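Before any comments, here is the structure.
Values quoted throughout were computed directly from the atomic coordinates according to the rules given, and no laboratory measurement underlies them. Bear in mind that the values here come from a model prediction, so they are computed numbers and not experimental data. Methodologically, a virtual Cβ is constructed for each residue, glycine included, from the backbone with ideal geometry; neighbour enumeration extends over all protein chains shown.
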Amino acid sequence: MYPSSSKIVDTIHTLRGEYFRHTQNQKRLPPNLRSRTVTHNTSTLPADLLGNSAYSKDSQPIHPRDTRQALFVPKRVDRPQHDLTSTASWRADAVSVILPAVVEDSKVPLLTLFCLRILITFSDADFWENILPFIPPHLRHDLLRWTAIHRPLTNPQLAALCGSNGHISGELIIVGPTASVREDQFEPLEARHPVEWDSDDSLPPPMHTFILVSAHLALSALRSLPATLTRLALVNVTAVSLHRLPTTCPLLEHLDLSYNTWLVAEKETRERLGKVQWSRWRHLRELGVRECHIPEDIMAAVNKGRWDDIKVVK
């Protein structure tokens, strides 16, 4: 005789209960979990999973601080970008408008200049104290141009190279951040070193070229720029009062304002270049505005009243 269906159900239920208790004992779980009934609508994870009590002291959970961390989204790490203005190739390009021959001259140097480069690279202190006084002016001039591109000088080194004149053959190149414009940078030579009227010492040639790269030009230094300048470059410098330049340097023939961030936005560009009296620069022939925004009406004002349009280097 076959057992009734109710006995079969009870037997199966008893066997399941015994199997469940057996498995719980093998897992050695706490008693409160052994008596917990198994249902399909409750969580299968412990209630204190996110609490510190479920972990040891050495393996405490890291609680997410924001939504990005909770969703395991890695934060974007901005890698430091290389400053292009600190490379020799960029500096060579920066001075190329005013001194286009510098880049070509640095490719095949003279043997004497090549030796000076080796000395200035490996024996800094001895070079400035014991060797520099015996270098003739034309080699100092070449050395000034080479160091401006490949090994910018500090203020003391630049002062030693230029001597009491403050420039070499009428040329001065200052490259930051290693060097800066001093307050008395353009003080007349007569004020610094008075010359007697009956002295045999002749005055040096006037300064005609000034190049400033990646440095600051104070208003007092801008006002004291030599009026004899015919070539002026203010490349990647802090904002300056350009409207004062026609009065300070009326003889300019080449002006380079390239790579200045304050000449990128149209509104700021109109404000700074719109105040300049371009007609006072009668000899201006070339204007460098690389990576700058120059509106068409500003260019019309630049060329107004001229027989030939100014060459614009963009």
Less than 12 Å Cβ to Cβ from Ile211, Lys/Arg counted +1 and Asp/Glu -1: what total charge do the surrounding residues give? +1
Please list 3J(HN,Hα) in residue order for segment 258-270, calculated via the Karplus relation 6.51 cos²θ - 1.76 cosθ + 1.60 where θ = phi - 60°; whole Hz, with x for glycine and proline. 6, 6, 9, 5, 7, 10, 9, 6, 5, 5, 5, 5, 4
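Compute the signed sum of charges (Lys and Arg +1, Asp and Glu -1) over the other residues within less than 10 Å, Cβ to Cβ, of Ile294.
Details: positive: Arg270, Lys314; negative: Glu266, Glu296, Asp297.
Around Ile294, the charge tally is -1.
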Quick shape check on segment 270-314: root eigenvalues a ≥ b ≥ c of the Cα gyration tensor, a/c under 1.5 is rounded, otherwise prolate if a/b tops b/c, else oblate, and it reads oblate
Just to confirm a number: summing +1 for Lys and Arg and -1 for Asp and Glu over residues other than Trp281 whose beta-carbon lies under 12 angstrom from that of Trp281, what do you get? +3
In nm, what is the difference between 0.36 nm times the number of residues separating Arg16 and Ala218 and their Cα-Cα distance? 63.6 nm
Among Thr209, Thr247, Thr178, what is the fewest-to-most ranking by other Cβ atoms within 10 Å? Thr247, Thr178, Thr209
Amide H neighbours of Val312 under 5 Å, counting only residues 5+ apart in sequence or on other chains, H built in-plane at 1.01 Å? Leu287
Per-residue Cβ contact counts at 10 Å, fewest first, order Val213, Val312 as Val312, Val213
Quick one: order Lys267, Lys311 by neighbouring beta-carbon count within 10 Å, fewest to most. Lys267, Lys311
If you stretched the chain out fully between Ala227 and Thr112, how much longer would it get, using 0.36 nm times the residue separation minus the C-alpha to C-alpha distance? 38.0 nm
What's the FRET efficiency of Glu296 with His138 using the Cβ-Cβ distance as r and R₀ = 51 Å, to the nearest 0.05? 0.70
